[in-house]
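Any read-out appearing in this document is the output of simple, stated calculations on the displayed coordinates, not a laboratory observation. Predicted, not measured: the structure shown is a model, and the values here were computed from it. No Cβ is skipped: glycine too gets one built from the backbone with ideal geometry, and neighbour counts run over all protein chains shown.
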Amino acid sequence: MKIIIIVGSLRKESYNRKVAHFIKERYKDKLEMEILLLNDLPVFNEDIEENPPNPVKEFKEKIKQSEGVLFSTPEYNHSIPGGLKNALDWCSRGDRVLSKKPTFIVGSSSGDIGTARCQSDLRKVLDCPGVAALNLPGNHVLIGNIQDKFDQNGKFNDDTTIKRLDKVLDNYIDWVKKIK
Ligand code: FNR
């Protein structure tokens, strides 16, 4: 099963990017995953949506070719980071590449409630007619105090979260097979 992981943070040392790499490595026998970054996407503009710049075309094509999308994203100011919302806006126009795609949200933040507000807003956007992605209720992962969850070598090492990821990922795979 081919899955795209979209990382909601642009910074090089992003914890959400590290968690995406952890997921890609840990579940490599179950899923073929590719990590997509948002760094090269211009801000959405209706004037250019019919023939957007190549980074947008390539980004949308990768999503189109995938069987599902996983988001690994922080929360910015109690909501979705602007870069991720921008990507969703691009995906909501023309060939609506997220339409009916099974999605799965993992969010890491330095706060205690681990992106709960961002995830709530993200699900609202996934549900918009232009986006129309699918999301299995209750099957998400919230990772708070993310800065404390790596060992000295920078390896993600929070056992409770890893157990949760194992369970949620298996649920996701079963669900995708069922709705295929
Ligand atoms: C944050 N951060 C943050 N954390 C949180 O739990 N709730 C929030 O609303 C916000 N808001 C916020 C806004 C902006 C502009 C920044 C830069 C940061 C802190 C955030 O969780 C922390 O910086 C994470 O490490 C960001 O994720 P990455 O970049 O490490 O993946």
Problem set entry | Yes/no for residue 86 being more than 22 Å from residue 139 (Cβ to Cβ) and surrounded by fewer than 15 Cβ atoms within 10 Å (Cβ to Cβ) | no
Exercise. Is there any pair linking a residue in segment 81-107 that is without any contact (Cβ under 8 Å) to a residue 60 or more places away in the chain to one that is assigned to a helix (DSSP H, G or I) and within 16 Å of the ligand (Cβ to nearest atom), with Cβ under 7 Å and at least six apart or on different chains, and which?
Worked result: 105/119; 105/122
Exercise. So how many residues does segment 135-161 have that are within 16 Å of the ligand (Cβ to nearest atom) and either in a strand (DSSP E or B) or touching a Cys at 6+ places or on another chain (Cβ under 8 Å) (or both)?
Worked result: 5
Seminar exercise, completed: For segment 1-52 the number of residues that are over 29 Å from residue 173 (Cα atoms) and touching a Lys or Arg at 6+ places or on another chain (Cβ under 6 Å) is 1
Exercise. Taking helices (runs of 4 or more DSSP H) that fall entirely within segment 2-114, which contain at least 3 residues that are within 16 Å of the ligand (Cβ to nearest atom) and in contact with a helix residue (DSSP H, G or I) (Cβ under 9 Å, 6 or more places away or on another chain)?
Worked result: 15-26, 82-91
